1. Of everything in the range 102-158, what is of a type in the set (Val, Ile, Thr) and over 18 Å from the mean Cα position of the chain (by Cα)? Give them in sequence order.
2. Cβ-Cβ distance below 8 Å, separation of 6 or more or different chains: which pairs start in the range 197-222 with a residue that is within 21 Å of GLU122 (Cβ to Cβ) and free of Cβ contacts under 8 Å to residues at least 12 places away in the same chain and end on one that is surrounded by 15 or more Cβ atoms within 10 Å (Cβ to Cβ) and polar (S, T, N, Q)?
3. If I filter the range 193-212 down to residues being more than 18 Å from ALA104 (Cα to Cα), touching a Leu at 6+ places or on another chain (Cβ under 9 Å) and of a type in the set (A, V, I, L, M, F, W, C), which single residue comes out as surrounded by the fewest Cβ atoms within 10 Å (Cβ to Cβ)?
4. Could you figure out which of (1) out of contact with any His (no Cβ under 9 Å at 6 or more places or on another chain); (2) of a type in the set (A, V, I, L, M); (3) at pLDDT below 95 isn't true of VAL149?
5. Pairs under 7 Å by beta carbon, first residue of a type outside the set (A, V, I, L, M, F, W, C) in the range 77-93, partner crowded, with 16+ Cβ neighbours inside 10 Å, six or more apart or different chains?
6. Kindly list the number of the only condition in (1) surrounded by 15 or more Cβ atoms within 10 Å (Cβ to Cβ); (2) more than 20 Å from the chain's Cα centre (by Cα); (3) farther than 18 Å from HIS118 by Cα; (4) not β-branched (Val, Ile, Thr) that fails for ARG164.
7. Grab the strands (runs of 3 or more DSSP E) fully contained in the range 129-216, keeping just those with 3 or more residues being under 23 Å from SER6 (Cβ atoms).
Amino acid sequence: MSVDDSARFFDAIAGRYDRVYALPAAESRRRMIRILSELPPAPVRVLDLGVGPGRELTALLDRGYEPTGLDVSPRMLAICARRARRIPLVLANFWQPPLPFADATFGAAIALHGTLAHPPNEATVSGLVHELGRVIVRGGRFLAEVPTVAWLEAASSVPPTDERRITRTGTHTCVFEDGVARTSIETRLLEASQWRETFSPLWEARLEALSPLEWLIVAERL
């Protein structure tokens, strides 16, 4: 998967994202409460990877955090930029290091809503974790919501529709197709042991169940 593939997919679904892909508002609020409980005390700068339309920004700003949004999709960033309270927005692909920030710029980073489910390969996950270790201060935190391999089992068993189709391509991979936008993206999932190995030795990481199909990764920069 190239940067163009990823940008093309998220550009294509940007206008429908909140309506079709986002969690219900009540579930989003519940999860943000959990995320906020794990972040370092405000005020700190928070890097929001895959910020998309910026659904989580209100909660961060209300708590006194200083978010910066990064996304590969120009259309997603354009939607995010229309929010009432403006934040710094950066167009970049976080799977292609280096991240466009100086060392120790942020006190924390987040990657919510399955943002990390589409790496080009496993090596790029390690590269991202290393780069986050560079731009986040020691003692800072990285929080991510990631689907489990069980999600792939469940999703690939759902009958396809005109709107969505998931085709399994391996033990940990599938292709997700949006029939309305006529675009697709590869999904690649890691086992719990792979996530823990990826974060060592720069980070101390733990995985908690958000649901039977998702984990919350909470990692502290050592």
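The values are calculated or read from the model by the stated rules, or taken from the named source; none is laboratory data. This one's a predicted model, so the numbers in the text were calculated from it and none came from an experiment. Backbone-built Cβ (ideal geometry, glycine too); neighbour counts: all protein chains shown.
1. Once the filter is applied, which keeps residues that are of a type in the set (Val, Ile, Thr) and over 18 Å from the mean Cα position of the chain (by Cα), the range 102-158 yields THR105, VAL137, VAL158.
2. none
3. ALA209
4. Just one mismatch for VAL149, condition (1).
5. ARG83/GLY54; ARG83/LEU57; ARG85/LEU61; PRO88/THR68; ASN93/SER6; ASN93/VAL72
6. The number of the failed condition is (3).
7. 136-147, 164-168, 173-178, 183-188
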